[in-house]
1. Being under 11 Å from the mean Cα position of the chain (by Cα) and closer than 16 Å to Y70 by Cβ is true for just one of L38, L23. Which residue is that?
2. Any residue that is open to solvent by 50 Å² or more (accessible area, probe 1.4 Å), assigned to a helix (DSSP H, G or I) and not aromatic (F, W, Y) - is there at least one of those in the stretch 58-73?
3. Say we look at the stretch 74-92 and pick out the residues that are among the hydroxyl-bearing types (S, T, Y) and under 15 Å from I8 (Cα atoms); which of these is surrounded by the most Cβ atoms within 10 Å (Cβ to Cβ)?
4. Name, by its number, the condition in (1) loosely packed, with under 14 Cβ neighbours inside 10 Å; (2) β-branched (V, I, T); (3) part of a strand (DSSP E or B) that does not hold for T18.
5. Working carefully through the options I8, I56, find the one that is under 16 Å from P76 (Cβ atoms), under 10 Å from the mean Cα position of the chain (by Cα) and not aromatic (F, W, Y).
6. Limited to the stretch 74-92, what total is found for residues that are assigned to a loop (DSSP other than H, G, I, E, B) and more than 28 Å from E3 (Cα to Cα)?
7. With the checklist (1) in a helix (DSSP H, G or I); (2) in contact with a helix residue (DSSP H, G or I) (Cβ under 8 Å, 6 or more places away or on another chain) in hand, flag the one item I10 doesn't pass.
8. Which residues, taken from the stretch 28-57, are in a helix (DSSP H, G or I), in contact with a helix residue (DSSP H, G or I) (Cβ under 9 Å, 6 or more places away or on another chain) and among the aliphatic types (A, V, I, L, M)?
Amino acid sequence: MAEKTLTIVIPFYNASKTIEETLMSICIQSIRNKCTTLIVDDASSQNEHNKLLKIIKKFKEYIDVDYIRYDENKGPGYARQKGLDNCKTKYI
């Protein structure tokens, strides 16, 4: 397996309608094997959380995708920063 050099951080809040399209876009990139995707859920509703988990499971065999969930909604800036804080690659 190639070493991961890029992390794609995706802040997420009740957006299950668009996350599948976002992950599909990552799947078709030529560098997808060098990327890891980090979805940061900023306290979505339980229904949206469950939908997100199903979508992630579907894409796990195609891309490297990780997931962090926070219990309190603090906004997209907080979610982005937490994503940045959890990156382990050279590029973001």
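The values are calculated or read from the model by the stated rules, or taken from the named source; none is laboratory data. Everything numeric here is computed off the predicted structure, so don't read it as measured data. Cβ coordinates were reconstructed from backbone atoms using ideal geometry, including for glycine residues, and neighbour counts include every protein chain displayed. These accessible areas exclude ligands, DNA and RNA; they are computed on the full protein's heavy atoms, side chains included. Shrake-Rupley method; radii C 1.70, N 1.55, O 1.52, S 1.80 Å.
1. L38
2. Yes.
3. Going through the qualifying residues, I end up with T89.
4. (3)
5. Details: I56 fails: under 16 Å from P76 (Cβ atoms).
Exactly one residue qualifies, and that residue is I8.
6. 2
7. Result: I10 fails condition (1) only.
8. Listed by number, the residues that qualify are L52, I55, I56.
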